[in-house]
Amino acid sequence: MADLIIPPLIPVSREQRERTLGQQAHIFWLTGLSGSGKSTLAGLLETKLQERGHKTMLLDGDVLRMGLNSDLGFSDEDRTENIRRVGEVNQLFFEAGLIVINAFISPFEADRAFVRSRVPSHGFSEVFIKADLTVCESRDTKGMYQKARSGEIALFTGVSSPYEAPAFPELVIETGSQTIEAALEMLLAYAITKVQ
């Protein structure tokens, strides 16, 4: 009796998934200080893209720290591990053909570069949500900056822990000097050029 020959598994490619979904997979990485408007803009962008029929996934730093990364603190090492894990999740969603929208402080340039390195160069856009520290503090409804300045919170980005602003982001949105509507219009116009 002849040996049974099992053919190798041939996975569905990202390109096949993109054709099925009718879009280009892309990772939008919104980075900036706490209170800069990352989460707000990320949520609004997802809504607008969904309204246009795109398939998206929104990943937010606060949400992932309650689940996947609940075992991590805020030391430099833990922040790096946080973004490493998020980068691996992004790669999986990207290969599924989705548009991934991220809202993470992600204070270290090397960590953001790692996420970028996980996908083809055309598939990643770093978006710097830029706002001065004073603006971010004025928006702080949870009182996190005040707690950081009083010493109740250690290692708070922008106060007692550094933030490395992107050197060459694909897009800069200055939320301290324009309305959220204008910021969203700029972000959406850019995003559409990457996903269609």
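Please list the non-local residues whose amide H lies under 5 Å from the amide H of PHE156, H modeled 1.01 Å from N, same-chain partners needing a gap of 5 or more.
SER161
Sorted from largest to smallest, which semi-axis lengths in Å does the alpha carbon gyration tensor of region 4-97 give for its equivalent ellipsoid, taking the root of 5 times each eigenvalue?
So the equivalent ellipsoid measures 29, 21, 9 Å along its semi-axes.
Given N residues in region 22-195, what is Rg(Cα) / (2.2 N^0.38 Å)?
Cα Rg divided by the expected 2.2 N^0.38 Å: 0.99.
Within the chain, how many Lys pairs sit with Cα atoms under 23 Å apart, leaving out pairs fewer than 8 places apart on the same chain?
Count of close lysine pairs: 12.
Express as a percent, rounded to the nearest 5, the fraction of DSSP beta bridges in the chain (both residues included) that run antiparallel.
0
Counting Lys and Arg as +1 and Asp and Glu as -1, what is the net charge of the other residues whose Cβ lies under 15 Å from the Cβ of SER70?
Around SER70, the surrounding residues sum to -2.
For the chain, what does the helix formula give at 222 nm: sum of -39500 (n - 2.57) over DSSP H segments with n ≥ 4, over the residue count, nearest 500 deg cm²/dmol? Let's see the in-between values first.
Working: 8 runs with 84 residues, N = 196.
Taken over the chain, the calculation gives -13000 deg cm²/dmol.
If the chain between ALA189 and GLU51 were fully stretched, how many nm would it gain, using 0.36 nm times the residue separation less the Cα-Cα distance?
48.3 nm
With axes computed from alpha carbons, what is the tilt in degrees of helix 76-95 against the longest principal axis of the chain, rounded to the nearest 10 within 0 to 90?
40
Would you grab the residues whose amide H sits under 5 Å from the one on HIS26? Only those 5+ places off in sequence or on another chain, please, with H modelled 1.01 Å from N.
Counting only residues 5 or more places away or on other chains, the set is ILE99, VAL100.
Calculate the length of the line joining the C-alpha centroid of region 1-54 to that of region 89-103, in whole Å.
4
Picking from LEU92, LEU59, LEU30, which is most flexible by a Gaussian network model of the chain using Cα springs under 10 Å?
Of LEU92, LEU59, LEU30, the most mobile in the Gaussian network model is LEU92.
In degrees between 0 and 90, to the nearest 10, how far off the longest principal axis of the chain does helix 38-51 point, with axes built from Cα atoms?
Taking Cα atoms only, the helix is inclined about 40 degrees.
No value in this document is a laboratory result; all are computed from the given coordinates. None of the values given here were measured: they were computed from a predicted structure. Neighbour counts are summed over all protein chains in view; Cβ atoms, including those assigned to glycine, are modelled from backbone coordinates with ideal geometry.
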